[in-house]
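Beneath this line is the structure, given in structure tokens, with notes to follow.
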Amino acid sequence: MDWLTLVAGLLLLAGINIDFLFTAIGSQDHSLVSLRVTRGVFGALRLVARATGSGPLHRLSGPLVMASLAAFWIAGVSLGWTLVFAAFPDAVTVSSDAARPLGWWDVYGHVGHQLSTLGAGITEPGSTPWYVLGVLPGVNGMVILTLSVSFILSTTQTVVQGRAFAVLTQVYDPVEPASFDTLAPQLTQLCSSLRASPFALFYSASDEALRIPASLRTFAEAAERGPCFDRYRPILRLLPAFDPPQDKRGFLDCLRRWCASYSLA
């Protein structure tokens with residue numbers, strides 16, 4: 001048994017699964033690794049957009065970021081289980097030739113079939129204990145696949161909600177006090193949803209008016225000219241990773257910087 005490989009696999013599995021659970025069902029505006037991964041991908045997309053023109057990327061940024069996050073989870077979990085199985089030379093055998101020595105990709109393929117709940121393919125467990133242990137990666141894969149669907153659905157619902165609010169601010173003038181009772185509940189719901197699902201901010205749109213960060217900046221700049229701005233400020237403080245100063249001018253400057261960090265333009 002290779003203890004170093006086993007420990008590395010267990011630590012990787014623990015880290016990826018904890019990060020996944022925090023991200024998918026934790027309703028947090030932060031995570032251990034996932035937000036850093038997606039911010040890195042979004043930063044790369046922004047560099048490409050600035051170099052080549054951001055037209056198509058406005059439609060693709062959200063799906064590309066979410067696909068990269070899914071790939072990170074799948075790659076991490078599959079590598080972790082591969083290290084665990086590879087640490088034991090008798091864990092996996094080839095169905096047609098049990099005496100044939102297994103390579104790294106044989107073990108990886110075995111783990112991949114287990115995680116996807118498709119079975120063991122051309123490989124099989126080396127003994128009954130490994131047959132029983134093979135249930136764990138199957139359950140792990142099923143949990144990740146199931147919760148990922150719910151997580152992506154929640155994220156896209158937040159995107160739809162943000163674009164609906166952007167349209168609403170074009171109908172109701174934030175400067176007018178009479179608009180507060182209409183806009184405030186929608187803004188509260190949107191900011192709360194973004195705090196629980198900040199990945200929605202990586203979705204852009206071809207129409208700048210429908211981009212969530214840009215619409216929030218435009219809304220705040222308009223509301224600042226009206227009498228209700230101080231009533232909107234506590235709601236805007238719900239935005240994820242947003243910690244503005246108390247003064248009005250500093251608040252708006254901080255909001256502009258926050259919005260710019262989620263902009264491809």
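FYI, it's all coordinate maths here, none of it is from the lab. Values in this document were obtained by computation on a predicted structure and should not be read as measured data. Cβ sites come from the backbone with ideal geometry, for glycine too, and all protein chains shown count toward neighbours.
Observations on the structure shown:
- The modelled label-to-label distance for the pair residue 44/residue 157, using points 7 Å beyond Cα in the direction of Cβ, is 3.1 nm.
- Phi to ³J(HN,Hα) by Karplus 6.51 cos²θ - 1.76 cosθ + 1.60 over region 211-221, Hz, x for Gly, Pro: 7, 4, x, 5, 5, 5, 5, 4, 4, 5, 5
- Residues 259, 254, sorted so that the one with the fewest Cβ neighbours within 10 Å comes first: 254, 259
- Loop-resident trypsin sites (Lys or Arg not before Pro) (DSSP state other than H, G, I, E or B) in region 179-265 with no more than 11 further Cβ atoms inside 10 Å of their Cβ: 225.
- For residue 92, residues with placed amide H under 5 Å, excluding near neighbours: 126
- If you plug the beta carbon distance of residue 52 and residue 256 into 1/(1 + (r/R0)^6) with R0 = 30 Å, you get a FRET efficiency near 0.75.
- J(HN,Hα) series, region 202-209, from Karplus relation 6.51 cos²θ - 1.76 cosθ + 1.60, nearest Hz, glycine and proline x: 7, 7, 10, 7, 4, 8, 4, 5
- Taking label positions 7 Å along the Cα-Cβ direction at both residue 189 and residue 32, the computed distance is 3.5 nm, reported to one decimal.
- Projecting the Cα atoms of 80, 102, 18 onto the charge dipole of the chain (Cβ charges, centred on the Cα centre) puts 18 farthest toward the positive pole.
- Annotation: extensible slack from residue 150 through residue 1 equals 49.8 nm (criterion: 0.36 nm per residue apart, minus Cα-Cα distance).
- Selected from 55, 244, 178, residue furthest toward positive end of dipole (the chain; charges at beta carbon): 178
- Estimated at 0.36 nm per residue, the fully extended path between residue 21 and residue 135 surpasses their Cα-Cα distance by 39.1 nm.
- Backbone phi angles across region 74-85, fed through the Karplus curve with coefficients 6.51, -1.76 and 1.60 (θ = phi - 60°), yield HN-Hα couplings of 5, 5, x, 5, 5, 5, x, 5, 4, 5, 5, 5 Hz in residue order; Gly and Pro are listed as x.
- Contour minus Cα-Cα distance for residue 237 and residue 122 (0.36 nm per residue): 35.9 nm
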